[in-house]
1. In terms of solvent-accessible area of protein heavy atoms at a 1.4 angstrom probe, what is the ranking of Lys567, Lys620, highest value first?
2. Relative contact order for region 316-357: what percent, with Cα pairs under 8 Å and sequence separation of 6 or more?
3. Given the DSSP H assignment, sum -39500 (n - 2.57) over each helix run of at least 4 residues in the chain and divide by its residue total; what's the result at 222 nm in deg cm²/dmol, nearest 500?
4. Please work out the average accessible area per residue across region 492-616, using the 1.4 Å probe convention, and give it in Å².
5. Using modelled backbone amide H atoms (1.01 Å from N, in-plane), which distant-in-sequence or interchain residues come within less than 5 Å of Gln435's amide H?
6. Is region 253-371 rounded, prolate or oblate when judged by the Cα gyration tensor, a ≥ b ≥ c being the square roots of its eigenvalues, rounded requiring a/c under 1.5 and prolate requiring a/b larger than b/c?
7. Run through region 379-450 and list the GluC sites (Glu not before Pro) located in a DSSP loop whose Cβ has at most 13 other Cβ atoms within 10 Å.
8. Starting at the first residue of region 513-523, write each ³J(HN,Hα) from the Karplus equation 6.51 cos²θ - 1.76 cosθ + 1.60 with θ = phi - 60°, in whole Hz, x for Gly and Pro.
Amino acid sequence: MQAVQPPRKMAPIDPHSYTDSSHPLTTRISLSFYFDFPSSTIVSSALFSLSATHSGPFALDTRSLSISAVLDPQTLAALAFSVHPASPDTVLGQSLIVTLANHSQFLVISKTSPSSTALQWLSPPQTFNKAFPFVYTQCQSIHARSIFPCQDTPAARIRYSAKLNIPHYLSAVMAAKHVDRRNPIAGECLGVCDDSIWCGDGRIVEEFVMEQSVPPYLFAFAVGELGFREMGPRTRVYSESVPGVLDSAAREFAGTEEMIKVGEGLFGPYEWERFDLLVLPPSFPYAGMENPRMVFLTPTVIKGDATGARVVAHELAHSWTGNLITNKSNDHFWLNEGFTTYADRRIVEAVQGKERAVLNIGIGWRGLVEEMDRFKDNMEFTKLKTNQEGVDPDNVYSRVPYEKGFQFLWRIERQIGRPAFDEFLKKYIATFKFQSIDTDTFLDFLKVNIPGIENHIDLKVWTEGTGIPPDAMEPASDIYKKIVFLANEFKLGRMPNEDEVTDWVGQEWELYLENLPKSVEASQVLALDARYRLSESKDYEVKVAFLRLAILSRCSNYYGEAEKTLKEVGRMKYLRLLYAALVQGPGKEEEKIFAKRVFSEARACYHPIAQGVVEAILAKHM
């Protein structure tokens, strides 16, 4: 490493990035990756193109990367660089400082660590077919920097191309357009490795390009033994090459093309050409990730009754709100998720009916109320516009930006009427597409386009106030009222009769369980399960909600089922609920020992992001 002067005090544009506001932004990155499965590492070259020439220090974000060289791509002369601070910041990682001299391009050679927070490497025994390894990414919120150096802020939208050099018996997908699958070519790897290695026996190159500008957190790929099913004119569903998984996913998401058409009618043209789906192994930490052109999904959303399509509706809605228009930093995350929650419920209402959309709103309302209790000692994170300086966004991830953001937009819709709000939404998307904005930009646009709105809705209370504003609204419908009524009856000792729940599917049970007291008598838990077998539900939303109730009620009969669940899925929503239920509160010594043992045995199967979240829960309460 060549020494340069320590970086001067920066003017950051994002509390989660070392990106300096006085530096030009990256516009394009050309990437070459060599995947080494035995060592769980990727060696890469990244050719950066900047929006303007720059002289002096230039800052990029990194985490757990080894930087071997920074070069002038024209002359291949070495450029001076250094990494700061020496001990990585626990949230930000480290800043790679490159000294440029009237450069608009430079090349960085780097290598990932096996502990990269964006990557999960699965050995063959951890996959469905147990035959080949698998690796996939999860870059949101600030993990792209652990794959390659970048200005890892949504303020810096990039176009990119990528060459993935992988074993020939595997295949790759990306959140980008597939260009070619071909033999490696000598001289194309830009310093990643010797041509003898790049072009070695049994290697293949998968080539991709993303010609629309995206924030770095939407960079995504997966490599493994992949298969697919055709589902429509612009949709395939991919997964590991397991016929049962592919067929059940194709059935669950059969209505995807109809949803795309509904979305286009509501929000304008679909700008991304294709809308493919990838069902990942059970360790995937989220329900879904809205990577453009290639949405990533957990297998837990395959429920067998097509209701898992509501997750697809959410990720589809991101194609307009989140991917087209993006929050400038995580302080404004509600601009991504509040808008998308509103949009997905409009799609669900059009495709599955108003009652189904109301159930979604009701489940969301209960989740929002619970988050108020979770953050009662730190109400900053019940705001829409937050201050996350020094805070790991993974540790404060919650339903607040989704559900309070939805409530804010729903409040505006009620004020001006749906037809006017629909016109406003279309204009908003058309005005800001392929841009990253903040809350103030949205509010200014709102006030210009809906004159006087601030006289009817307290915009400051909604965006900067803590808690749930007084003009937020719990949903109302006959089925919603019936479910809440039956949950209240349970508190009085009456269980629902079978004829009252004949038509219930997962969402009805989910809402029912969400409205029960946090803990009840163990005998009530046993009686409820004896009648309705909720602990055996194939719908993980129902199963986990029931197991959480059982744990909070100290009904140890279900600890074995909780252990099994914690070992077979890695979705963070479920891990958070079950581990927190085990360790929060007084007199939980046995449960804490149990939780610690289960985590020690299951940890290796969780994605690194999920590992960190569970470790934070245990550290807080152990």
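The values are calculated or read from the model by the stated rules, or taken from the named source; none is laboratory data. Remember, predicted model here, so these are calculated numbers, not experimental data. Cβ: placed from backbone, ideal geometry, glycine included. Neighbour counts: every protein chain shown. Only protein heavy atoms, including side chains, enter the accessible area calculation; ligands, DNA and RNA are left aside. Shrake-Rupley method; radii C 1.70, N 1.55, O 1.52, S 1.80 Å.
1. If we order Lys567, Lys620 from most to least accessible, we get Lys620, Lys567.
2. 33 percent
3. My calculation for the chain gives -11000 deg cm²/dmol from helical runs alone.
4. On a per-residue basis, region 492-616 sits at 43 Å².
5. Close amide H contacts, sequence-distant or interchain: Thr326.
6. Details: a/c = 1.08, a/b = 1.01, b/c = 1.07.
Note, shape of region 253-371 comes out rounded.
7. On the way: sites: Glu380, Glu389, Glu403, Glu413, Glu423; in loops: Glu389.
Those that pass, being in a loop and sparsely packed, are Glu389.
8. Values, residue by residue: 5, 5, 9, 6, x, 4, 9, 9, 5, 4, 5 Hz.
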